[in-house]
Amino acid sequence: MFLLVGERVYSQAQDIGNLECAVCGKSEPFRHITETNYFCLFGIRLLKVNQYANYYRCERCGNSYSSESSDLPSQVESVQEVIAYILLGYGKYEEIDLAKDIALKVSNFEMQVDTLKDLTRQFSASNVDILEQLRRAAFHINLVGKQQIIEAAFLATHACCEIQFEDKTRINLMGNALGLSIEFVNQVVKSVRANDCYGVRRVLPISPIDS
Ligand SMILES: [Zn+2]
């Protein structure tokens, strides 16, 4: 059906010259990406409704940054938050090596022990809304970064339990907060499983039969 009236997302990519990329480890060409939602009539943009995304992207590795001077790709903080949040939820907040392993394998960036401890303290002390945090962070994160966050959520969950409905629902809700479809989330999970879950060690509870 031809859409006469409605909202559409328009992307803009502007060359901004070379910037230092933390992933590539050197100066690379960057683009400033914006996605804006417009109210349209007969496909003509009438009114800017809101901005969906705004980030700087390295054209070599495809990682997104929240600003021109960011030290880390914009997803790295969210990857670490999701790992800390999920491990805490399963009572595995002392599994420092596991958290570090997942963070490194998913994002290629080290998670410091102090970061994990600080995040664990924050999540246990206050009623932090992780979904709201992801929703806000998503503004500066591209699809490459969002995929890493879902990989981290899945791996942290998979390491702690045999995934049941509510565990998968939590991952889906995180995907939804990032603006991802369930199909995309499922595809990410499938791909991580097909890669032997990147060899991440599991810390499943020992059942009475095993002990
Ligand atoms: Zn790069």
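A few points about this structure:
- Among the residues of region 130-174, those identified as within 9 Å of the chain's Cα centre (by Cα) and surrounded by fewer than 21 Cβ atoms within 10 Å (Cβ to Cβ) are A137, L143, V144.
- Lone unmet requirement of (1) loosely packed, with under 13 Cβ neighbours inside 10 Å; (2) more than 16 Å from the ligand (Cβ to nearest atom); (3) among the polar types (S, T, N, Q) for T34: (1)
- Selection within region 69-93: residues that are in contact with a Phe, Trp or Tyr (Cβ under 9 Å, 6 or more places away or on another chain) and among the hydrophobic types (A, V, I, L, M, F, W, C). The member of this set that is nearest to Q164 (Cα to Cα) is L87.
- Test: residue in region 51-68 that is closer than 26 Å to D167 by Cβ, more than 16 Å from the ligand (Cβ to nearest atom), under 18 Å from the mean Cα position of the chain (by Cα) and in contact (Cβ under 8 Å) with a residue 60 or more places away in the chain: no
- Unique match (being modelled with pLDDT under 95, small (G, A, S), on the phi < 0 side of the Ramachandran plot and crowded, with 17+ Cβ neighbours inside 10 Å) among S78, S70: S70
- When region 31-72 is filtered for residues that are assigned to a strand (DSSP E or B) and charged (D, E, K, R), the ones remaining, listed by number, are R31, E35, R45, K48, R57.
- Residue in region 10-28 that is closer than 17 Å to L134 by Cα and either in the same structural domain as N142 (by TED's automatic domain parsing) or not in a loop (DSSP other than H, G, I, E, B) (or both) present: no
- Here G89 clears all of (1) surrounded by 12 or more Cβ atoms within 10 Å (Cβ to Cβ); (2) away from the ligand (no atom under 13 Å from the Cβ); (3) modelled with pLDDT of 95 or more; (4) farther than 30 Å from A153 by Cα except the condition numbered (4).
- Of the residues making up region 99-129, those that are surrounded by fewer than 21 Cβ atoms within 10 Å (Cβ to Cβ), under 20 Å from D167 (Cβ atoms) and hydrophobic (A, V, I, L, M, F, W, C) are F123, V128.
- Looking only at region 7-23, and only at residues there that are loosely packed, with under 12 Cβ neighbours inside 10 Å and of a type in the set (S, T, N, Q), the one that is nearest to the ligand (Cβ to nearest atom): Q14
- Subset of region 89-129 [part of a loop (DSSP other than H, G, I, E, B) and of a type in the set (D, E, K, R)]: K92, E94, E95, E110, D129
The values are calculated or read from the model by the stated rules, or taken from the named source; none is laboratory data. Note that the structure is predicted; figures quoted are calculated from it, not measured. Ideal geometry is used to build each Cβ from the backbone, glycine not excepted, and the neighbour counts take in all protein chains shown.
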